[in-house]
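Nothing in this text is a laboratory measurement; each read-out follows from the coordinates by a stated rule. What you see is a predicted model, and the numbers here were worked out from it, not measured in a lab. A quick note on method: Cβ atoms are made from the backbone with ideal geometry, for glycine too, and the neighbour counts reach across all protein chains shown.
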Amino acid sequence: MLLLAQQSLGWQKKYRGMVRKIISLIFLFFLFFVYLHQRINIYVEAYKLNDAKNTLNKLVDKRDSLLYNFSQRVSLAKINEWVEANGFKFVKEDKILALNINNQKTQINKSKENVLASSFKRLFRLAGTSKALAQQQH
Amino acid sequence: MKDKGSNLRIYLVYFVFSLLFFSLSLRITYLQTVKRKDFLALAKSQHSKVITVKGERGRIFDRNNRVLATNIVVYSVYMDPKFVRNKKDTAEKLAKELGLRAKDILDKLSASKRFVWIKRKISPKEKERLAQLNLKGVYFLREYKRFYPQGALASHILGGVDIDNRGIEGVELFYDKFLRGKEGLVSVLKDSASRSLYTYPQVLYANRGLDLNLTIDIQLQYWVESCLKETIDKYSAHAGSVIVINPFTGEVLALANFPTYDPNHIGEASAREIRNRAIGDIFEPGSVFKIVTLVGSLDRKIFSLGDTIYCENGRFKIPGSILHDWKPYGELTYKEVFKKSSNIGVAKIASRLGATVLYSYIRRMGFGQKTGIDLPGEAKGILKDPRAWSNTSSYIIPIGQEIGVTVLQLAQAMCVVVNGGYLVKPHVCKEFRGSYGLRKEFRLNKRRVVPSGVSSMAKRILIEVVNDGTGKLAKIEGIVVGGKTGTAQKYDVEKGRYSPYAYRASFAGFIENDGKSFVICVSIDEPYRSHFGGVVAAPLFRKIAEKIVEYEEANKRIAAVR
C-alpha cells in the first residue's frame, strides 16, 4: 500500500514537472509568436507607410507640375503684357474701370469682364476701386 | 575478431563525428563570440540603412511676398550597371526617352562603378514614361529643382543655382548658407528587393533653408526692365542698367540690366548676359560726377549761389590738355555752371577746392570703395590716390574723367543729396524668415557725410537742372524731379584714346512725391542715333519715374481702402 502510495507520489511529481515544462514551452512559443507577430507588423506598417509616402510624393509631384504650368502661363510678365495689350491704365479717380472703350471689335461679356477685372485688381491690389464691382463681389 | 573490428569502426565513426561536432561547435562559438559584431553589422546593413534626406532650399519673395524663387520636385535617373542585363538595348531605350546619345550611356554603363548618373532633373512626365519601360538596374531619385516663376525678371538680383542647388550668382550665392537647407538622416528598412521602406523615425531632421524677402518690388522691376529694353531697342544700345533705390533706407526697389537671362536656364546664359553691370561694370561717369564738386563746394562755402565764373567761351587750356564745353559760355553763375553742365566752370570750382579736398569728398560720397551691397561681384571702381594725380587730374576728375564708377555708386551718391547728407548702404535683403516665426530684418546702415543744409541746397540746384537745364526731358509736371545728366566718351583701350563713336549716356536723379523719395540711376552703354544723357537716359528716367508715381498713388488708395 505504502509502495503504491510512493509510486503514485513520484508519478504526480513527474507529471507536475512535465506540465511545467509544457507550460513553459507554450509560454516560450507564445512569446516567440508575439515577437514574430510584432516583427511582421513592423514590415506591414512599413509597407503601408511607404505606400502612403509614395501617394504623397505623387500628389506633391502633381502639385509642383501644376504650379510650374500655372507659373509658365500666368507669370507677372504675362499678366503685365495682357494688361498693356488690353489698354489698362492707372486712373486718378476712384471707382472707374475702363475696358477697351476704343476697341469696338473685342466683345467681352459680363462674366468675363469680372474675371479680367479681378485679375487686374489682384495684380495692382485695387480692391474697392469700382463701386459696381464691389457690389457684385458682395 | 569480427566484434573487435566492428567496435573499432564504431569508435572511429564516433570519433570522426565527435570531431566534426566539436569543430562545428568551435566554429559556431567563434562566429557567435569573436565575429559577432561583424555579422551583426552585416545583417543590419542588409536589412536597414541610413540615407540622407536633402533639406529644401529656402524660397525667395519680393517685398510684397510675391514668389520669386521656389522649389519643385523633379527626378534624376541613375543606374547600377551590375543589374543591367542587356546594356545595348537599355542604352538605346534610355537615349530615346531622354534625348541623349546611346553611345554616351553605353560608356557610362561600361564603367566599373555601381552608381552612374544618366540624367539629372527630368520632369515627372519623363519619369513616368521611363518607369513604364521597367528597365532593370535603372532607378530614380527625387530631387528638388530651383524654379523661378517670374522667368527673367530680376534675374541679376536672384542669380541662380547649379545642378546641386548651390547658389552660383546673385542673392542665391550671397545668402547661400542661409537659403541652403540642412541635410537630415533617416533610417530605413530594406525589403528583399532592396526597396527602401521608411519606418524608423528620422535620426536627424532635415531643415528647410530660411525664406528670404527682398526689398525688390517685382511689379516695379517689371516696368523698369521693360522701359530699359524699350530704350535699348530704340537706340540700338550695347547694354544698359537701371537702379531704383529708396534714398533714406538704401533699399533697392529695382535693379535691371540689359542683356539679361532666365535663371531657370542659367547654364545656357553667356557671361555677357549674366554679368550684373549695375554693380560690376566700371565706367567713366562724365558730367553726372559733377554732383561731387557741387556738394564739396557747397560744404566748403567757397562760392555763393550768385557768384559768377568765367567759362572761357568754351575753350580752356589746362596742363597737358584743353577743356571744351559742349556749348561756348562766357560768364555763368555758380548755379548755372551745374544747370548748363559746363565742364570749364566745374573744373574751375574744383580747382578752388584743391585735389586733397576734392578727393575727400569723392570718398565721402562713396566712390573708390564698395558700397557693401549684398550681391556678389561688386566692383569698387577706380580712384587714384591724390598723390598719383597728374596736373590734369584735378581738372578732369571733377567732370567725371580719369575715374571709374559703377551705376550703384552713382545712385548711392545721389542718395546723399536726397536724404539729408547720409551715405546709406544699399541692400536687397529685407528680412529672413525661418521656422517657429523666426525673423531677422536688415539693420539700417548709414553715416552722415555732409550737413543736411548742404544736401538740401544741392538738391535745389539739381531740381533746377531738370526744370531749366540739361535734364529737361526728365521733367514731370506736378512732381519734384531733380538730377544730373552725363555723357561720357568711352576710352578705346586698343587705340589708347577716347573713342569718337562710343559713348555712355547716364542720368542720376530723384523724384519726390507725397513725402516719398526715390533715386533712379540710369546708364545706357553705347547708344546710337543719339548719345547724350539728356536725350537717351533722361526720358528713360522720366518713364520709370511716371510709373513709380502712378504705382505709389495706386498703393496709397489701396492702403486707404484697407
Legend entry - Residue-averaged beta-carbon neighbours from other chains (10 angstrom radius) around A:69-75: 3
Inset, instruction - First obtain the Kirkwood hydrodynamic radius of segment B:376-475 from its Cα pairs, then insert it into the Stokes-Einstein equation at 20 °C and 1.002 mPa s, and state the resulting D in µm² per second as a whole number. - result: 128
Inset, instruction - Could you pull the Rg and Dmax for segment A:1-73, using just the Cα atoms, both in Å? - result: 31.0, 106
Legend entry - Cβ-based exposure ranking for A:VAL74, B:VAL74, in which fewest neighbours within 10 Å come first: A:VAL74, B:VAL74
Legend entry - Full-stretch length increase - B:SER6, B:LYS190 - with 0.36 nm per residue and alpha-carbon distance subtracted: 60.7 nm
Inset, instruction - Arrange B:CYS429, B:CYS521 by Cβ neighbour counts within 10 Å, fewest through most, would you? - result: B:CYS429, B:CYS521
Inset, instruction - Any chance you could check the Cα centroid distance between segment B:411-462 and segment B:203-228 for me, in angstrom? - result: 21
Legend entry - Karplus-derived HN-Hα couplings along segment B:227-234 (A = 6.51, B = -1.76, C = 1.60, θ = phi - 60°), whole Hz, x at Gly and Pro: 5, 4, 5, 4, 5, 4, 5, 4
Inset, instruction - Would you please put B:355-361, B:307-313, A:47-53 in order of how densely packed they are, using the mean number of other Cβ atoms within 10 angstrom per residue and starting with the highest? - result: B:355-361, B:307-313, A:47-53
Legend entry - By average C-beta atoms within 10 angstrom, highest first, the peptides B:76-83, B:506-513: B:506-513, B:76-83
Legend entry - Karplus-derived 3J(HN,Hα), 6.51/-1.76/1.60, for each residue of segment B:328-342, Hz, glycine and proline x: x, 10, x, 7, 10, 6, 3, 4, 5, 3, 7, 4, 8, 6, 7
Legend entry - Fully extended contour minus Cα-Cα distance, from B:ASN313 to B:ARG497, at 0.36 nm per residue: 63.7 nm
Legend entry - Cα centroid separation, segment B:473-528 to segment B:277-300 (Å): 11
Inset, instruction - Using Cα pairs closer than 8 Å and at least 6 residues apart in sequence, work out the relative contact order for chain B, in percent. - result: 14
Legend entry - For segment B:1-123: Kirkwood Rh in Å [reciprocal of mean 1/r, alpha carbons]: 21.5
Inset, instruction - Any chance you could list P(r) for chain B, counting all Cα-Cα pairs in 20 angstrom bins from zero, rounded to whole %? - result: 18, 38, 22, 13, 5, 3, 1, 0
Legend entry - Dipole magnitude of chain B, debye to nearest 20 (Cβ charges: Lys/Arg +1, Asp/Glu -1, about Cα centre): 2640
Inset, instruction - Write down Rg/Rh for the protein assembly as shown, rounded to two decimals, with Rg from the C-alpha atoms and Rh from the Kirkwood relation over Cα pairs. - result: 1.23
Legend entry - Ascending count of other beta-carbon atoms within 10 Å, so fewest first, for B:LYS348, B:LYS49, B:LYS121: B:LYS49, B:LYS121, B:LYS348
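Restricting to DSSP H runs of at least four residues, report the calculated mean residue ellipticity at 222 nm for the protein assembly as shown, -39500 (n - 2.57) per run over all residues, nearest 500 deg cm²/dmol. Each step should come with its number before you reach the end.
Working: 23 runs with 309 residues, N = 700.
So the calculated ellipticity at 222 nm is -14000 deg cm²/dmol.
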Inset, instruction - Please list, in chain and number order, the residues 5+ apart from B:ILE118 or on another chain whose amide H is under 5 Å from its amide H, with Hs placed from the backbone. - result: B:VAL77, B:TYR78, B:MET79
Inset, instruction - Report the calculated FRET efficiency for B:LYS96 and B:ILE558 (r = Cβ-Cβ distance, R0 = 56 Å), to the nearest 0.05. - result: 0.55
Legend entry - Calculated log₁₀ intensity ratio I(q)/I(0) where the Debye formula runs over C-alpha points of segment B:51-214, q = 0.10, 0.14, 0.18 Å⁻¹: -0.48, -0.87, -1.12
Legend entry - Mean-position separation - Cα centroids, segment B:530-562 and segment B:385-404, in angstrom: 35
Inset, instruction - Using only alpha carbon pairs under 8 Å that are at least six residues apart, calculate the relative contact order of segment B:47-191 and give it in whole percent. - result: 38
Inset, instruction - Would you mind working out the magnitude of the charge dipole of the protein assembly as shown relative to its Cα centre, with +1 at each Lys and Arg C-beta and -1 at each Asp and Glu C-beta, to the nearest 20 Debye? - result: 3660
Inset, instruction - Determine ³J(HN,Hα), in whole Hz, for all residues of segment B:515-530 in sequence, where each value follows from phi through the Karplus function 6.51 cos²θ - 1.76 cosθ + 1.60 and θ = phi - 60°; x replaces Gly and Pro. - result: x, 10, 10, 9, 9, 10, 10, 10, 9, 10, 9, 6, x, 10, 6, 9
Inset, instruction - Order the peptides B:412-422, B:97-107 from the highest to the lowest mean number of other Cβ atoms within 10 Å of their residues. - result: B:412-422, B:97-107
Inset, instruction - May I have the extent of the alpha carbons of segment B:307-428 along their three principal axes, as whole Å values ordered from largest to smallest? - result: 46, 31, 23
